[in-house]
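The values are calculated or read from the model by the stated rules, or taken from the named source; none is laboratory data. Everything numeric in this text was worked out from a predicted model, so none of it was measured. Backbone-built Cβ (ideal geometry, glycine too); neighbour counts: all protein chains shown.
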Amino acid sequence: MSDIDDRIRTALTAAATQIDERDLRPAAAPTRRRFHQARWAPPLLAAAVVAAVAITAGVLIASRDAAGPSRVRPGASPNSTSTAPITTVATGAAPVSTGRMPVKNGLTCSFADISCPTPSNSLYYQPLWPFASYAEAHQWETVDGPAGRDPWHADPASTALAFATGYLKFADITTVTSRTVTGEQAHIGVGYALPTGGMHTAAVLHLVRYAAKVGDAAAGWEVVGSDDTTFTLDRPTYLSPVPPTLTVDGRVTGVDENIVVAVRNQAGTVVSGAVPRVPAGGTNSPWAVRVPVSGSGVLTVVAYTGGHLSQHEQFAIQGVHT
Amino acid sequence: MIAGADSAVGVESLFRTHRLAMVRLALLLVDDRETAEDVAQEAFAALHRRWNALSSDAAAVAYLRTCVVNGSRSILRRRRTARLHATTANDVVTVPAADGPALLGEEHREVLAALRRLPARQREVLVLRYWSELTESQIAQTLGISVGAVKSSASRGRDAIAAQLEGQQR
């Protein structure tokens, strides 16, 4: 073994072994929330769904209103009687003098600017949704929120679910399946209930508080990305500039997957042209597709795969800009 | 399917025995403990989905490792862009090395700093090789790349670190 091998090995060992069991925050093993799809499972379960729906439709309708607070009807704002969340943002609001979110390269710097006391993660993130700017977030935090409008902004789980249903228009994503909130950040699993019981997670969305300072518990939550595991969106890279025709690729683990890619602007409008579906499958298999893009500003690339039990069984997002 | 264990029991068992290892692996890829714990937690959650396709504990651990690497890469993508948008001297974002870098010797800090400057793929290969002690074929399987790509990434990453360390000594 050479000196450089030894140096790399010992440095990694020293860094890794600085933490021990007692340093980890208390946590239980995650409970089952995803559903393995064997080759025979989709048709079998699809038939089960049809039978179950036919037999129990009346019961389901009667019980719909009794569903828990994390379940929303497609396109509806969670915990709110207002219209779809994207229409409730105070777009065009006058700049707020007390907000200190500088703009760099035409993009809003947020969450960890030097003028915004740095949270523990010491990072910048690009706001994707629901607030298109800090002014909008500040408007809700100081005016609209206290007046009772759209209280779902205060809850990362509700915001994540509203992103899937209201912004991405994924009507089959109806449930929050996991929730990890740590300080200024949240990782929220969204998906749907399986007919056989249990939950299926389609994506884990990453959100941060859209605040000018750390510890601002009144600030609303903002989606900034997704945590990809078995379905990844690797290119374009986070917040990279997009050319008129964009190459989108990643990796997928699954059976008979059918990947669809679209690009949306911050208003939720699809700004990508016709894109062929990408057949894929296997373990950690690469996939790629070329996507024509006509929008401008901050854009969200979304890739999803499904068709067995639901249209959107796995999805991933990536923030980019023109 | 892992014999004699349903996913709840199996994941719970693996969580007890491998959580620290997965957090440590993530820590070497994302550099802060809080995020590393999140990444590891998501990996164990994903394990439920693949449980019936995993033939042994070893296969489950290999799958966990892949999830940790992919999850870490997802985090790094956002960080990389964040740094690109820090345009002034005052905006320089300092992501801490592993937790408590001050506790590490100078020689380790230099190596870790050089490691962080590598492309993601090279860093992943070196971490899996030198920390996880995986073979080239195991690394290839974990990352979903060829053995040849593992070899070239390891060689380039190792050479780049050596060059950086050599440059610092001049």
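Observations
For every residue, the table says whether it meets (1) surrounded by 24 or more Cβ atoms within 10 Å (Cβ to Cβ); (2) at pLDDT 50 or above; (3) facing chain A (nearest Cβ under 7 Å).
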| position | (1), (2), (3) |
| --- | --- |
| B:A59 | no, yes, no |
| B:V68 | yes, yes, no |
| B:R79 | no, yes, yes |
| B:N90 | no, no, yes |
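- Filtered residues of segment A:137-155 (kept if buried (at least 24 other Cβ atoms within 10 Å of the Cβ) and of a type outside the set (F, W, Y)): A:A137, A:H138, A:E141, A:D150, A:H153
- Cβ separations smaller than 7 Å between residues 6+ apart or across chains give the following pairs from segment B:138-154 residues that are more than 13 Å from chain A (Cβ to nearest Cβ) to residues that are polar (S, T, N, Q) and crowded, with 18+ Cβ neighbours inside 10 Å: B:S153/B:Q122.
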